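These notes are about the structure you will find just below.
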Amino acid sequence: MFDYLYEWVRNVACYLVLVTAVMQVLPNKDYEKYIHFFTGLVLVLMLLTPILKIFGNEDIFSKIYNQDTYEEQMQQFRKMQEDILQTEKEQEEIEVGEIEID
């Protein structure tokens, strides 16, 4: 139990040091708020890990990712992308055909 707690504290500390180093190295401060937001979300997930483990839900994120509905949605999304690309290609062919006047 204490080994897990020690490892968790060490991981959080290393993450915070890494985030601080990245924030100091940024050449342009325009994206700082977005990086803060993203790193904050990751930190929240890291802090929730022991709580989820206590309640037996430590695999909840992998379960969501591996659900069949997720796979189905990704397949639908890929099909929509292909349909859009095909429609755009057909539209370009039509426009090119209209330009060619003999």
If we scan the stretch 59-68, do we find a residue that is over 17 Å from the mean Cα position of the chain (by Cα) and modelled with pLDDT of 85 or more?
-> no
Residue list for the stretch 22-41, filter: aliphatic (A, V, I, L, M) and modelled with pLDDT under 90 | V22, M23, V25, L26, I35
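The values are calculated or read from the model by the stated rules, or taken from the named source; none is laboratory data. Quantities reported herein were computed from a predicted structural model and do not represent experimental measurements.
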